[in-house]
Structures are given as C-alpha cells and as structure tokens.
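Notes follow the structure.
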Amino acid sequence: MPTFTLGRKVDPGYQSNRIILIMTITLLLGRGLLANDWRGSLVFSAGFFLTWALAREIDPLHEKSAFVAAFMYLSMAMWIVDVNLGVVFWTVLLLRGITKITGKKTTVLDLLGLMGLTIHMILGQGNGVYGLIFTAAMVMGYRRSAKDVLFKVFMLVGIVLSAWGLYSYSILVPGEAWQMDSFRWVLLLAGLALGTFYGKMLQQDQGIRDDLGNIIESKYMFISYLFYLGMFAVLITGTALDQGTLSLYFAVIMGVALYRGWLMIRSIGGFS
C-alpha cells in the first residue's frame, strides 16, 4: 500500500526543532494573552513556524538561517493581520516533492494529496494560476526523479487542472493586484534582488543530505529554489493573496539571504 512520504517529523529531541517548538508555543500564548485573540494568535504563530519550515526546505545546510527568516517574519508583525496557511503548507509539500528531501521515493498518494490541495487552492482562491504552479512542480519533479512515469502522469493531470482553472476562473485578480500597489512592488523587487544573491550562494553548497543521510546534488536544491522564487513572483503578480502571506514568503528569502551575507562578511573579515 502506498504511503505519504512528504511529511517530516519535527523531533523535539533535536535541539533546533525543540527551540522552534518552544518559540512557537511561547508566541502563541504570549500573543493570545496580550491581544485576547486566540484565533489570530494561532494563525500568526503557525505562520512563524511555517516560515522556519520553508527556510529549512530551501536552505537545508544551514539551520540558523531558518531562525533568521522566522525573526524577519516577526519583524513584520505590525502589518501581518492574516496568513493563508493552506497555501504556505502546500508550498512546503511541493518543494519536498521536487527535492525528495525525505529520502523516500515519491508515491501516488503523495501526488494525489498535492493534486487535491491544488484543486482546493483553485476553488478556494478562485484563481487558475495554482494549477500552473502545480504543473511546474510536476515538471521539476519529473526531472529530479529520473523521469519517473508517475510524475509524467501527474504532469498531464496538471495540464488538465490548469486548463480547467484558467477556463473557469482565468488568472485575473482584483484591480489592486494588477495595479501593483507600492507594497507589492517593494516585496517583488527586494525579493528578486535578495533571491538572486541567495541563489548564487546556494549553488556553491556541497554535502546536502536528505533525511536518510543520502547526498542530494546541489543542482536539485537549486532547481527547487528557482521554483520557490518563481512561485513568489507569480503569487505577488498573479493572485490577490493578503499582505501577511506575501510577507511570509518574502521573510523566507530575506532570512536565508541575510544569513548568507553574514557568512560571506565573516569569511572575508576572518571572524571566527
């Protein structure tokens, strides 16, 4: 029987996992008590955790960069009112399907789950662009998995989903998204600039291992990261996602880029 392989356990016995769990729970309780808004606190705290998780997916070699990203998310707290946790969680799973970071062979249950979430995104957001994003992930997964026929089948499924989504909803969004208000412009330009810098650093990484200890070629991590950066740009320009969700995606890029910048400065300056 096929199993779901895209899940990763957050083992509290591992120090960095224990720290992020403690921080997330503390944030939930502290914000909930101060604001007396437990629903909002739960969403905000979950966004904090998912920022860390996304950064771990695109920078698996450096644990600390994920914490930098999480703190970048916290620094934007004044305007993060809501976060679409479903879209963010979907992104995490898509990235795992591309990199195979769990070390396990992708199963039909994995891709059926991703397909189901994609349909939910298209219906929930009323936007066909999510079908295109799913198809792009299947194309990259096909390349990553030595042209696994399973990904080929779901590439075709993705094309059908995209056609249905575009026909039913197109990719038109409310006027403010197309007009690209200043907030979106800042996120897009800053994100692409920082993202390009981080991409160059990522290409130099060696020794990345999956959860079973097997080496992952850096080119596959880079392909996955390009998918993330492209998805970030598409979500800003082609959807009506709220500022909080877009800020979360940006916080991930900013966090991993700033950490790499610090490593570069430390190396040049000879700091220990």
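The values are calculated or read from the model by the stated rules, or taken from the named source; none is laboratory data. These numbers were taken from a predicted model, which means no experiment stands behind them. All Cβ positions, even for glycine, are placed from backbone atoms using ideal geometry, and neighbour counts span all protein chains on display. With ligands, DNA and RNA removed, areas are computed over all heavy atoms of the protein, side chains included. Shrake-Rupley method; radii C 1.70, N 1.55, O 1.52, S 1.80 Å.
Going by what's in this entry, would SER65 be described as among the polar types (S, T, N, Q), open to solvent by less than 40 Å² (accessible area, probe 1.4 Å), within 24 Å of TYR228 (Cα to Cα) and in contact (Cβ under 8 Å) with a residue 60 or more places away in the chain?
Details: among the polar types (S, T, N, Q): yes; open to solvent by less than 40 Å² (accessible area, probe 1.4 Å): yes; within 24 Å of TYR228 (Cα to Cα): yes; in contact (Cβ under 8 Å) with a residue 60 or more places away in the chain: yes.
Here the answer is yes, as SER65 does meet what is asked.
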**Q.** Whichever residue in the stretch 17-48 is β-branched (Val, Ile, Thr) and in contact (Cβ under 8 Å) with a residue 24 or more places away in the chain and, among such residues, is most open to solvent (accessible area, probe 1.4 Å)
**A.** ILE19
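Matching residues to (1) over 15 Å from GLU57 (Cα atoms); (2) at pLDDT below 95; (3) not polar (S, T, N, Q); (4) not in a helix (DSSP H, G or I):
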| position | (1), (2), (3), (4) |
| --- | --- |
| MET180 | yes, yes, yes, yes |
| TRP185 | yes, yes, yes, no |
| LEU192 | yes, no, yes, no |
| GLY213 | yes, yes, yes, yes |
| MET221 | no, yes, yes, no |
| PHE227 | no, no, yes, no |
| LEU241 | yes, yes, yes, yes |
| GLY244 | yes, yes, yes, no |
| MET254 | no, no, yes, no |
Q. Do we have any residue at all in the stretch 161-172 that's open to solvent by 40 Å² or more (accessible area, probe 1.4 Å), over 20 Å from LEU229 (Cα atoms) and modelled with pLDDT of 90 or more?
A. yes
Q: Please identify the pairs in which a residue from the stretch 228-244 that is on the phi < 0 side of the Ramachandran plot and open to solvent by 20 Å² or more (accessible area, probe 1.4 Å) has its Cβ atom under 7 Å from the Cβ atom of a residue that is modelled with pLDDT under 90 and part of a helix (DSSP H, G or I), counting only partners at least 6 apart or on another chain.
A: ALA240/ALA177; GLN243/PHE183
Q: Return the only residue of MET254, MET264 being open to solvent by 30 Å² or more (accessible area, probe 1.4 Å) and under 14 Å from the mean Cα position of the chain (by Cα).
A: MET254
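Only one residue in VAL149, VAL160, VAL139, VAL129 is β-branched (Val, Ile, Thr), under 24 Å from ARG56 (Cα atoms) and out of contact with any Cys (no Cβ under 7 Å at 6 or more places or on another chain). Which one?
Numbers: VAL149 fails: under 24 Å from ARG56 (Cα atoms); VAL160 fails: under 24 Å from ARG56 (Cα atoms); VAL129 fails: under 24 Å from ARG56 (Cα atoms).
Every option except VAL139 fails the conditions.
Among the residues of the stretch 1-16 satisfying the criterion of being in contact with a Ser or Thr (Cβ under 9 Å, 6 or more places away or on another chain) and over 15 Å from ALA53 (Cβ atoms), which is least open to solvent (accessible area, probe 1.4 Å)?
If we filter the stretch 1-16 for residues that are in contact with a Ser or Thr (Cβ under 9 Å, 6 or more places away or on another chain), which is where we start, we get 2-8.
Filter once more, so that each one left must be over 15 Å from ALA53 (Cβ atoms): 2-5.
Values: PRO2: 69, THR3: 79, PHE4: 97, THR5: 8 Å².
Within the stretch 1-16, the match that is least open to solvent (accessible area, probe 1.4 Å) is THR5.
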Q | Matching residues, the stretch 89-133, being closer than 17 Å to ALA146 by Cα, open to solvent by 10 Å² or more (accessible area, probe 1.4 Å), out of contact with any Pro (no Cβ under 9 Å at 6 or more places or on another chain) and assigned to a helix (DSSP H, G or I) | A | ARG96
Q.
Scan the stretch 55-74 and tell me whether some residue there is polar (S, T, N, Q) and modelled with pLDDT under 95.
A. no
